[in-house]
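The values are calculated or read from the model by the stated rules, or taken from the named source; none is laboratory data. Remember, it's a predicted structure, so these values are computed and weren't measured experimentally. Note: ideal-geometry Cβ built from the backbone for every residue, glycine included; neighbour counts use all protein chains shown.
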Amino acid sequence: MFRVVVQESRLAPTSGKVVAQLGHYDPHAKTVTLDKEKAALYLGNGAQPSERAARLLQGEGVQLPKWVKPAADRTGSIRNPEKLRKNRPQQETQPETLANSESTATTDEAEAVAEPEA
C-alpha cells in the first residue's frame, strides 16, 4: 500500500511532514482511492506531481494542468534475448537419462555381486 500525499518540497522526503493526504494506492489489487477535489485544488495552486502520481491522478479522472505531462508508457526491452531459456536451442535429454539409468544399474549389479563374496 502506498499513500498519496502532498508535501512541501523543502521538507520532503526526510521530515515526513505531510501537508495533506489525498488517498492511497494498492499495487497488488490495482485499486486507487483519492480525494479528487483536494487533488484538483493542490494542482491548481501549483503542486507538482511525480510521474507515477500524475498517471494515477489522470487514471482517476482528475484534470491535470497543461504544464503537467504524464510520462509515456514504457516498453520493456530485454538486453540479451538469446540467453532466455525459451530462445535456447532444444537439446535431446532422453539419451542422457537412459545412459545415466544404465550406468546406475550396472553399478548396483556390481555391488550386489561383491557382497556375497565377503
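Miscellaneous remarks
- Those residues of the range 1-53 which are among the hydroxyl-bearing types (Ser, Thr, Tyr) and either in contact with a strand residue (DSSP E or B) (Cβ under 6 Å, 6 or more places away or on another chain) or assigned to a helix (DSSP H, G or I) (or both), in sequence order: Tyr25, Thr33, Tyr42
- Selected residue (criterion: surrounded by the most Cβ atoms within 10 Å (Cβ to Cβ)) from residues of the range 60-80 that are of a type outside the set (A, V, I, L, M, F, W, C) and modelled with pLDDT under 80: Pro70
- The range 81-118: number of residues that are at pLDDT 80 or above and assigned to a loop (DSSP other than H, G, I, E, B): 1
- Scope the range 1-60; condition over 24 Å from Arg74 (Cβ atoms) and touching a Phe, Trp or Tyr at 6+ places or on another chain (Cβ under 6 Å); matching residues: Val6
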